[in-house]
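Please treat every number below as a calculation from the coordinates, not as lab data. Remember, it's a predicted structure, so these values are computed and weren't measured experimentally. All Cβ positions, glycine included, derive from the backbone under ideal geometry; neighbour counts span all protein chains shown.
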Amino acid sequence: MLQRMIRAAKLDVDLYETVEHDRGYTGEAFTIVLVTAILWGVGQSFLPDASFLGSVVGGVIGAILGWVIWAVITNIIGKQLGGTSDTGEMLRVLGYSSSPMALGIIPGVGHFVGGVWALVAAVVAVRQGQDFSTGKAIVTIIIGWIVYVVARGILGFVF
């Protein structure tokens, strides 16, 4: 798994193609999201006014829910732009694209670098998962991010 995470972080197109088409990688994609969320939460807990339990537990719950919601959103938007994926494929490729988030174990700079790197990896993941151009992948990510942020804001307001 670690070698595949490294390949995902290196933006290895062949890896994204492999996990896109093989349902057997769904569990490992979930594990990657879980592990990177734990590492991110541990790093977050070292920041001022953060608690270890809140950072890790809240981070894990948020990462898992966010992963599923993000996969659904990018699948819907991607399909509208001519993509060919299904939600399972998006779950797998986006799960692997979260690999750089492991850098979140380093408070501050690791969060920033890991987050930006994971966003770039998500463009590659969506491009490969939807089988379309980088431009359409970027548009999918931008529109999807706006929808995701608005949805989280509404849910945060309601709950």
Practice item. Taking residue 28 as the residue in question, decide whether it is more than 15 Å from residue 68 (Cα to Cα), touching a residue at least 24 places away in the same chain (Cβ under 8 Å) and out of contact with any Pro (no Cβ under 6 Å at 6 or more places or on another chain). Key: no
Check your understanding: Take the residues of region 10-68 that are of a type in the set (Ser, Thr, Tyr) and within 14 Å of the chain's Cα centre (by Cα): which is surrounded by the fewest Cβ atoms within 10 Å (Cβ to Cβ)?
Key -> 31
Review point. Which residue pairs have Cβ atoms under 7 Å apart, sit 6 or more places apart or on different chains, and have a first residue in region 58-78 that is on the phi < 0 side of the Ramachandran plot and a second that is in a helix (DSSP H, G or I) and among the polar types (S, T, N, Q)?
Key: 59/44; 71/87; 72/87; 74/140; 75/87; 77/140; 78/130; 78/140
Revision key, fill the gap. Picking from 85, 133, the residue that is of a type in the set (S, T, N, Q) and surrounded by 15 or more Cβ atoms within 10 Å (Cβ to Cβ) would be 85
**Study point:** Selection status of residue 139, in contact (Cβ under 8 Å) with a residue 24 or more places away in the chain, farther than 26 Å from residue 39 by Cβ and surrounded by 13 or more Cβ atoms within 10 Å (Cβ to Cβ)
**Key:** yes
